[in-house]
1. Using the alpha-carbon centroid of each, what span in Å lies between the stretch 1-68 and the stretch 70-100?
2. Grab the other residues whose beta carbon is less than 12 angstrom from that of Thr91, score K and R as +1, D and E as -1, and report the net.
3. Sorting Val27, Val119 on the 10 Å Cβ count, fewest up front, what's the list?
4. Sequence-distant or interchain residues sharing an amide H contact under 5 Å with Ala100, placed H: which?
5. Treating only the Cβ of Lys, Arg, Asp and Glu as charged (+1, +1, -1, -1), what charge dipole size does the chain show about its Cα centre? Round to the nearest 20 debye.
6. If each residue of separation counts as 0.36 nm, what is the full-extension length gain between Asp93 and Arg43 once their alpha-carbon separation is subtracted?
7. So if R0 is 22 Å, what FRET efficiency would His165 and Arg185 give, r being the distance between their Cβ atoms, rounded to the nearest 0.05?
8. Over the chain, what relative contact order in percent results from Cα pairs under 8 Å that are six or more residues apart?
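Every read-out reported here was derived from the displayed coordinates using simple, explicitly stated rules and does not represent laboratory data. Owing to the predicted nature of the structure, the values given are computational and were not obtained by experimental measurement. Glycine gets a Cβ as well: all are built from the backbone with ideal geometry, and neighbour counts include every protein chain shown.
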Amino acid sequence: MTAEPALLNVIDVEATCWEGQPPPGSVPEIIEIGLTVVDMEARRRVSRHRVLVRPARSAVSAFCTALTGLTQAEVARGVGFAEACGLLVDTYDAGARPWASWGAYDLRQFARQSRADAVAYPFGYPTGRTHTNAKAVFTAAHGLRRKPGMAQALRIAGLPLEGRHHRGEDDAWNIAALVIDLLDRGVWPRSAGCACHPGAAGCRGGSGVPGAEPS
């Protein structure tokens, strides 16, 4: 019987945003979830996905459209936040499968919006249980004093930026490339998607660089 592959969900969200303060009564809400599935043993990106999410307490500003390319008309055709979270659990096994993002923003935004909307947090509790902060791992692995943005990290790693920056689907795809690069360097944490027992023969997990990071 063939063993199931060790999969990692790489997630990047885009949210409603404004050049200055939000309008009265408006709050940042997730409007796009980009997700790339990585086979950690094969070290390859196996699929990419995009979920548009309809905001309930805010609208897409002109500033947000310029940044992300998303329009209010486009996200209005998306699913509600509760349905999006259910999709993550049912289709991408978010409650059990390890996941990673570039920084802690995505985790925090999911946690905030889940509380505000009384929706079950899709990644299980405690909120950081299955999460790895890829930015923190990259910063430590390269001995950097400052945490780089995704585009800067790609330049440091010598990788191309594919697609449009600040488009969730494209960003998740690019972050997944950085995760694979960290795997190749042997610095991705063993507990973050590696199915091997630590120290097992043939284990290609990392050296245990911490993935928990405030930002």
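1. Answer, in whole Å: 8.
2. Net charge in that neighbourhood comes out at -2.
3. Val27, Val119
4. Distant-sequence amide H within range of Ala100: Asn9, Val10, Ile11, Thr132.
5. 540 debye
6. Gain in length upon complete extension: 16.1 nm.
7. 0.40
8. This gives 23 percent for the chain.
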